[in-house]
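Participant: I'd like to ask you about the structure that follows.
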């Protein structure tokens with residue numbers, strides 16, 4: 001497993017493990033945060049595959065922003 005994928009999975013696991021509550025508002029906020037982080041991670045991974053050379057970092061950043069925004073929008077956060 002590659003280093004970026006391991007880092008992404010660890011980040012998602014930490015966000016999910018940090019949320020243990022019965023408060024509906026807190027659960028919704030945590031769900032939005034987790035979904036946005038996961039969307040950004042997936043978008044960043046896709047952008048990283050698309051970019052090449054010096055454009056790789058830019059493609060990764062754009063993919064992460066787009067993935068996070070798409071996840072937040074689809075979850076109505």
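The values are calculated or read from the model by the stated rules, or taken from the named source; none is laboratory data. Please read these numbers as outputs of a predicted model, since none were measured by experiment. Note that we place each Cβ from the backbone using ideal geometry, even for glycine, and neighbour counts take in every protein chain shown.
Participant: Quickly run through region 15-51 and pick out the residues that are surrounded by 12 or more Cβ atoms within 10 Å (Cβ to Cβ) and modelled with pLDDT under 70.
Facilitator: 15, 16, 19, listed by residue number.
Participant: Starting from residues that are more than 29 Å from residue 28 (Cβ to Cβ) and free of Cβ contacts under 8 Å to residues at least 12 places away in the same chain, keep the ones in region 52-77 and report whichever is surrounded by the most Cβ atoms within 10 Å (Cβ to Cβ).
Facilitator: Only one residue tops the list, namely 56.
Participant: Another question about this same structure. Tally the residues that are in contact (Cβ under 8 Å) with a residue 40 or more places away in the chain and out of contact with any helix residue (DSSP H, G or I) (no Cβ under 7 Å at 6 or more places or on another chain), restricting the search to region 29-51.
Facilitator: 1
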